[in-house]
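Written below as structure tokens is the structure these notes are about.
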Amino acid sequence: MPDTIAQTELSLVDTPQSDAADGLVWAVSCVPGHRPVQLSPQQAADHLNGRPPHTEDAETTPATTEERPAGWVWLHYDVVHTASRARVEAIACLTEEARITLSGTDRSTRLEADGDIVYGALPGFDDSMTDDDTSVSAWRFAVLPDLLITTRRHPVPALGAAYRWLQRDDGPRTPAEIVDRTLLEFADSVRRNIAMLDDQLDRAEDLLLTLDQHTDFGRISGLIGKVRRRSTELRRVISPVDRIFHNEDLELPEWAEDDIRDRSQRQIHAALDDLMALQDRARSLQDELASGQAEETNRRLYTVSVLTTLMLPATFVTGFFGMNTGGMFLASGSLGTVEAGGICFLFMVVAWLLLKFTKLL
């Protein structure tokens, strides 16, 4: 049975049957045009046991549209539970590699096809993540024309959204459409993150466009740095997904080609294009920020240089009158200090006029 913490997480995200035994989150039987029917854990087990086991010499010709079964079943497991991993590893209608993938713990992205079976591991985001939360959850699947098995170790809201879509009248007709829908939710999550990061770049750009002596370069640098860091993390997640769809060696069954490959490939690639455009904009603003910082530094150095130049003659005069030598003029008069100060000021005026005449000021 799920523990208390797992039960709480599941009830918040993707579990219509959070009290199901042995980590079975939900089990539904779907017939196009009809409402999905909830299956009990025993009914789910009976369905799997009634399927013929997979063998190496089994028929691997993809089912045509006419041969495709009218109904299909979706089983979703939480493989944190030892019992659920054992159940998944005992599914005889799947290949050994597919069973290993479903019960695996690594977060690597993959998509494979073996005869009529399509299986793999894909990433997903937690809808509750904040700007500083970069955790990525993975979900795994194995799909046949009339069977979909998904597993995860952490709640994946995209699967919950696909389940809710399943309840609608215009829901999926095939299990492959569930995989496609989950990938669409993943791409939408990436786009929501991109929109959030784009708003932060807008704020940084506004500050750069109103550049003045009170501009907080540290704040601008922090905004741009956060965007670049987060966009790099997103790209590391979405790039492998895009690569597997462009893998020429990947040959999906005909029944899954349109739903899983064609549409999902466009969705993921579009999200990756948006992400790369965001990174280009962040780099451009970073360059503009560096230029603004250099300009501000030069302005301050210019001010210091002018002040130093203006004070140079006065420094010479004070140094001259500070010599302890005999016969120093103005030493005996009562107004010697005032006269020496006037000489300093006169030399400063001459230096200022010289800078203006040479157009250095």
Over region 93-108, the set of residues open to solvent by 50 Å² or more (accessible area, probe 1.4 Å) and either of a type outside the set (D, E, K, R) or more than 15 Å from Gly120 (Cα to Cα) (or both) is Ile100, Thr105, Ser108
Only listed residue being under 19 Å from Trp74 (Cα atoms), β-branched (Val, Ile, Thr) and out of contact with any Cys (no Cβ under 7 Å at 6 or more places or on another chain), chosen from Val190, Val179
Val179
Cβ-Cβ under 8 Å, sequence separation 6+ or interchain: first residue in region 215-227 and open to solvent by 50 Å² or more (accessible area, probe 1.4 Å), partner not in a helix (DSSP H, G or I). Which pairs?
Lys226/Asp131
Just a yes or no: is a residue in region 235-244 at pLDDT 75 or above, of a type in the set (D, E, K, R), closer than 29 Å to Arg107 by Cβ and open to solvent by less than 50 Å² (accessible area, probe 1.4 Å)?
yes
Look through region 140-154, keep the residues that are within 21 Å of His81 (Cβ to Cβ) and open to solvent by 20 Å² or more (accessible area, probe 1.4 Å), and return whichever of them is nearest to the chain's Cα centre (by Cα).
His154
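Looking at Asp188, Asp199, which is the one that is surrounded by fewer than 18 Cβ atoms within 10 Å (Cβ to Cβ), free of Cβ contacts under 8 Å to residues at least 60 places away in the same chain and under 18 Å from Asp242 (Cα atoms)?
Numbers: Asp199 fails: under 18 Å from Asp242 (Cα atoms).
From the options Asp188, Asp199, the qualifying one is Asp188.
With the structure loaded, tell me whether Gly124 is within 26 Å of Glu257 (Cβ to Cβ), touching a strand residue (DSSP E or B) at 6+ places or on another chain (Cβ under 8 Å), open to solvent by less than 10 Å² (accessible area, probe 1.4 Å) and modelled with pLDDT under 85 or whether it fails that test.
Numbers: within 26 Å of Glu257 (Cβ to Cβ): yes; touching a strand residue (DSSP E or B) at 6+ places or on another chain (Cβ under 8 Å): yes; open to solvent by less than 10 Å² (accessible area, probe 1.4 Å): yes; modelled with pLDDT under 85: yes.
Yes: the conditions hold for Gly124.
If you check Leu272, Leu307, which single one turns out to be out of contact with any strand residue (DSSP E or B) (no Cβ under 7 Å at 6 or more places or on another chain) and surrounded by fewer than 14 Cβ atoms within 10 Å (Cβ to Cβ)?
On the way: Leu272 fails: surrounded by fewer than 14 Cβ atoms within 10 Å (Cβ to Cβ).
Among Leu272, Leu307, only Leu307 is out of contact with any strand residue (DSSP E or B) (no Cβ under 7 Å at 6 or more places or on another chain) and surrounded by fewer than 14 Cβ atoms within 10 Å (Cβ to Cβ).
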Quick count over region 15-58, residues being open to solvent by less than 40 Å² (accessible area, probe 1.4 Å), modelled with pLDDT under 55 and either assigned to a helix (DSSP H, G or I) or acidic (Asp, Glu) (or both), is 1
Residue count, region 164-210 (criterion: within 28 Å of Glu233 (Cα to Cα) and aromatic (Phe, Trp, Tyr)):
1
Out of Leu209, Leu159, I need the residue that is open to solvent by 50 Å² or more (accessible area, probe 1.4 Å) and among the aliphatic types (A, V, I, L, M). Which one?
Leu209
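The values are calculated or read from the model by the stated rules, or taken from the named source; none is laboratory data. What you see is a predicted model, and the numbers here were worked out from it, not measured in a lab. Quick reminder, even Gly has a Cβ in these numbers, built from the backbone with ideal geometry, and neighbours come from all protein chains shown. Areas reflect the complete protein model, heavy atoms only, side chains present, ligands, DNA and RNA absent. Shrake-Rupley method; radii C 1.70, N 1.55, O 1.52, S 1.80 Å.
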